[in-house]
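Worksheet: one structure, shown below.
Laboratory data are not the source of any read-out in this text; all were calculated from the coordinates shown. As the structure is a prediction and not an experimental result, all values here were calculated from the model. Don't worry about glycine lacking a Cβ; one is built from the backbone with ideal geometry, like all the others, and counts go over all protein chains shown.
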Amino acid sequence: MSIVIEGEVALPLNPNCFLFAARPNDVLRNRSWLEVQKVAIPILEEFHGTCGIDTTLWFGRQAEINRFNQEHAYVTMMFVFDGLSSREDLKAIETQVKSTQIAWSPGTMTPLPRRAFPSLIVKSGKVYQVWIRTDDGPRSGHLTYDNELVRIRFHSPDDVDSSQFVRMIRHIEGTRQQPRPPDIELERLKMAFALRISERIVEADGKVVDGEAHFIEHTFPFELLDKMGLTDITALDKAWEQSCEQLPNLLGHHEKLALIGIFFAACHSGGTLATEEMRVLKDAAVLLGLEGSEVVEYISRLW
């Protein structure tokens with residue numbers, strides 16, 4: 001039976017994701033793509049049942065080069081959602097992920113990788129199969145594993161039939177939302193907060209080395225700051241003050257952890273971790289309303 005795409009759905013705006021990684025052998029060997037999705041659906045349903053947040057599930061591939069210049073590939077599974085998540089909400093995802101028969105890594109907040117695609121979404125309590133809108137028509141992604149290589153493949157509705165997807169789940173086309181003024185202002189405050197804290201981190205030990213300067217330039221490019229109206233020092237000062245007042249209440253737990261990830265990367269950008277730099281990170285966590293123990297536990301995942 002051919003695929004019928006019924007309507008469309010707006011994907012979350014959040015540029016960050018809650019990411020888990022696993023060896024390809026654990027995920028794709030002796031397991032069809034249909035079976036991989038069946039593993040993921042209960043996680044989505046349980047998370048939505050816990051917090052009521054609409055969530056998109058992405059899959060992708062990630063490669064790392066070890067000290068012997070050998071590439072190791074990983075399958076990534078990513079949860080993307082807007083809204084005010086709590087610490088307990090993220091724990092609910094982790095509990096469900098751990099209950100699978102796959103050895104996933106602990107979850108980390110990270111920018112959504114380029115080598116990834118949306119696969120499933122839970123919206124208003126229902127799970128849907130997501131198709132991507134392209135110039136050539138809708139496409140659905142899947143992962144393959146051949147000769148120790150993980151590849152992302154895309155197919156059109158004419159290339160596959162419904163037997164290759166989970167039964168009784170409707171197919172819809174995922175579309176990008178246009179950010180609203182409140183969304184844009186929130187991103188502006190997050191950028192001001194992240195920039196100020198990152199600058200304090202790299203300057204904390206009294207010197208800024210090349211790696212730290214590159215981190216600031218790469219993470220906070222002038223063009224982006226200019227677009228957000230943050231190149232003027234007076235405007236930046238005002239946005240910084242507003243961010244300290246508002247972000248603790250406006251950000252979900254996952255977004256706060258994403259900021260902690262940026263700050264830890266800033267601490268590490270000089271090649272070493274200075275005590276003075278980590279103290280700035282700790283102070284930033286307090287400003288965001290995070291507990292010290294949970295920050296230490298989260299940083300241990302990034303180490």
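The table that follows gives values for the structure above.
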| item | result |
| --- | --- |
| Peptides 82-92, 183-193 ordered by average Cβ neighbours within 10 Å, highest first | 183-193, 82-92 |
| Rounded Å value of the spacing that divides the Cα centres of the stretch 116-180 and the stretch 4-37 | 8 Å |
| Trypsin sites (Lys or Arg not before Pro) restricted to the stretch 194-230 and DSSP loop, no more than 11 other C-beta within 10 Å | LYS207 |
| Ellipsoid equivalent to the stretch 164-303 - semi-axes via the Cα gyration tensor, in Å | 29, 21, 16 |
| Per-residue [θ]222 nm for the chain (sum of -39500 (n - 2.57) over DSSP H runs n ≥ 4, rounded to 500) | -14000 deg cm²/dmol |
| Rg [Å, one decimal], Dmax [Å, integer] - the stretch 16-144, C-alpha atoms | 14.7, 48 |
| Separation of the LYS227 and VAL296 label points, Cα + 7 Å toward Cβ, nm | 4.0 nm |
| Kyte-Doolittle mean at least 0.0, axial Cα span of 18 Å or more - DSSP H helices of the chain | 33-51, 253-268, 275-288 |
| Cα coordinate range in the chain, projected on the principal axes (Å, largest first) | 65, 48, 36 |
| Cross-link partners of LYS238 among aspartates and glutamates (Cα-Cα below 19 Å; sequence separation of 8 or more within a chain) | ASP183, GLU185, GLU187, GLU199, ASP226 |
| The stretch 96-234 - Kirkwood radius from inverse mean 1/r over Cα pairs (Å) | 19.6 Å |
| Difference of contour (0.36 nm per residue) and Cα-Cα distance, ALA235 to ARG114 | 40.4 nm |
| Packing-based ranking, highest mean first, of 9-17, 283-291, 149-157 given that Cβ atoms within 10 Å are counted | 9-17, 283-291, 149-157 |
| Qualifying trypsin sites (Lys or Arg not before Pro) for the stretch 2-69 [loop in DSSP, other Cβ within 10 Å: at most 16] | ARG29, ARG31, ARG67 |
| Reach of LYS123 by Cα under 16 Å, taken over aspartates and glutamates that are not fewer than 8 positions away in the same chain | GLU6, GLU8, GLU45, GLU46, ASP54, ASP82, GLU173 |
| Label-point separation, HIS218 to ASP136 (7 Å along Cα→Cβ), nm | 3.2 nm |
| Distance (nanometres) between label positions extended 7 Å along Cα→Cβ at LEU84 and SER32 | 4.4 nm |
